Protein chains: 2
Amino acid sequence: MKRTQFADQPCGVAKAMDIVGELWSFMIIRNVFLGVRRFEGLRENLGISRKVLTERLDLLVARGILERRQYHERPPRYEYRLTPMGVDLFPVLIALSRWGNRWLTDARGAPIEFVHRKCGEVTQARVVCNTCGEDLGAHNVRPQLGAGGELAYVEAIEQAGGGRPVFLKPGRVA
Amino acid sequence: MKRTQFADQPCGVAKAMDIVGELWSFMIIRNVFLGVRRFEGLRENLGISRKVLTERLDLLVARGILERRQYHERPPRYEYRLTPMGVDLFPVLIALSRWGNRWLTDARGAPIEFVHRKCGEVTQARVVCNTCGEDLGAHNVRPQLGAGGELAYVEAIEQAGGGRPVFLKPGRVA
DNA sequence: TGCGTTAGTTTCGAATAGGAACGTAGTATC
DNA sequence: GATACTACGTTCCTATTCGAAACTAACGCA
């Protein structure tokens with residue numbers, strides 16, 4: 001397939017997709033979140049081939065999402081734990097879960113729900129602004145060139161979009 | 001490659017990944033969010049081959065994420081717009097963007113930031129509980145069997161995880 | 001009449017992904 | 001002490017998928 005590399009694109013989403021945007025990788029992460037941390041458990045639960053599972057686990061360890069930790073001395077047995085970087089994927093997971101449950105489940109409802117321990121309620125992930133706390137939606141957010149960005153890149157996007165103004169000039173608010 | 005199908009798994013994340021968990025598909029969605037809606041624009045910006053772009057666009061239209069809309073009569077020209085289902089992916093996009101910017105960008109900082117129009121600040125997506133408004137993290141949320149779920153499935157997960165209790169019994173709060 | 005634009009379709013060789021089968025290291029059972 | 005079992009990988013082969021490039025089509029323009 002020649003997995004195209006997005007990591008060099010100056011965009012956080014592209015870089016993220018390079019790691020997470022792979023069918024199996026994210027499903028593995030999901031299962032580790034649910035407590036399935038061992039090779040055989042993952043294999044059984046996902047129905048993935050050993051080869052692919054090995055590859056994906058190695059990749060996720062190399063990228064710093066998972067950590068391979070010995071849990072048994074003799075014979076040496078390992079399990080895979082989320083690193084802080086991996087744990088930080090939880091918002092993505094729960095946002096995706098909410099979308100899937102909303103749009104892709106049958107009439108019976110969500111197969112798996114999440115209970116917020118603090119309030120005890122079944123929770124739906126809500127994405128809000130960290131400054132003012134109000135909802136973030138496609139229509140009340142605009143992209144702008146950040147410190148690590150290149151002007152050429154946002155210009156290329158504007159051009160590809162037919163020259164429509166999409167990006168804010170840094171410092172300006174529309 | 002034989003893209004494995006997850007859609008039949010009783011899990012919203014699996015179903016979502018079946019659509020979104022493909023390298024190009026999500027990048028296309030991202031670009032449509034940024035206003036790049038036309039075939040040639042997407043092709044140039046993503047560096048994707050025409051063949052794959054056609055396939056992915058058709059797939060996304062068939063799945064109800066994108067809508068093919070004529071914007072020019074003669075010759076007929078089409079552009080791709082997000083459906084409500086597609087627009088609802090924004091929380092996932094911005095959560096992923098935040099993760100990518102946090103963990104995968106170099107020292108210079110995020111290449112692209114998002115400005116919340118309401119408050120005018122550069123915003124970081126925060127995922128909170130829709131009931132109590134507090135942060136949702138991996139450690140303050142527990143999965144439970146939902147209305148559309150099957151007990152056998154969550155039992156399979158517990159078993160694969162070494163029998164650890166992961167799921168709440170419905171109605172109980174740990 | 002010929003070139004440019006947009007949006008595809010078709011064909012083809014090469015790279016890759018995936019499953020099935022095999023390997024291995026140690027423990028438990030008979 | 002032979003066999004089975006568990007956990008975790010490796011190796012090999014084939015079907016799929018990819019990108020590149022050529023081709024189609026429908027029109028504007030000069």
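Since every read-out is calculated from the coordinates, none of them should be taken as a lab result. The structure displayed is predicted, hence computed values, not measured ones. Counting neighbours? That spans all protein chains shown, and the Cβs are built from the backbone with ideal geometry, glycine included.
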How large is ³J(HN,Hα) for each residue in segment A:122-132, as worked out from phi by the Karplus curve 6.51 cos²θ - 1.76 cosθ + 1.60 (θ = phi - 60°), to whole Hz, x for Gly and Pro?
5, 10, 10, 5, 10, 9, 10, 6, 6, 8, 9
May I ask you to list the aspartates and glutamates whose Cα is less than 14 Å away from that of A:K51, ignoring any residue fewer than eight positions away on the same chain?
A:E40
Please check: in the Gaussian network model of chain B (C-alpha springs, under 10 Å), which one of B:V127, B:V87, B:V141 has the largest mean-square fluctuation.
B:V141
Show me, for segment A:87-96, the HN-Hα J-couplings you get by feeding each phi into the Karplus relation (A = 6.51, B = -1.76, C = 1.60, θ = phi - 60°), rounded to Hz, glycine and proline as x.
4, 5, 7, 4, x, 5, 4, 6, 5, 5
Which of B:C132, A:C129, B:C11 has the fewest Cβ neighbours within 10 Å, and the rest in rising order:
B:C132, A:C129, B:C11
Pseudo-label separations to other copies for B:V52 - Cα-to-Cβ vector, 7 Å, nm:
1.7
Peptide A:33-44: average number of partner chain Cβ atoms within 10 Å per residue?
5
Mean-square fluctuation check for chain A, GNM, Cα pairs under 10 Å: which of A:L57, A:L23, A:L93 is largest?
A:L23
Just to check I understand the Karplus step: with θ = phi - 60° and J = 6.51 cos²θ - 1.76 cosθ + 1.60, what whole-Hz values come out for segment B:148-162, glycine and proline as x?
x, x, 10, 4, 4, 5, 5, 5, 4, 5, 4, 5, 5, x, x
What are the residues whose amide H is under 5 Å from the amide H of A:I112, where those residues sit 5 or more places off or on another chain and H is modelled from the backbone?
B:G12, B:G146
Which aspartates and glutamates does A:K118 reach when only Cα atoms under 12 Å apart count, and residues fewer than 8 places away in its own chain are ignored?
B:E134, B:D135
Compute a Gaussian network model of chain A, connecting alpha carbons closer than 10 Å, and tell me which residue from A:G41, A:G21, A:G120 fluctuates the most.
A:G120
Between A:G35 and residues 5 or more places away or on another chain, the pairs with built amide H atoms under 5 Å apart involve none
Inside 10 Å of the C-beta atoms of A:18-27, what's the mean count of C-beta atoms belonging to other chains?
6
Cβ-Cβ FRET estimate between A:R74 and B:A138, R0 fixed at 22 Å, reported to 0.05
0.10
For B:A147, go 7 angstrom from Cα along the Cα-to-Cβ vector, then report the distances to that same point in the other copies in nm, smallest first.
4.7
Kirkwood Rh, Cα atoms: Rg over Rh of segment B:25-66:
0.91
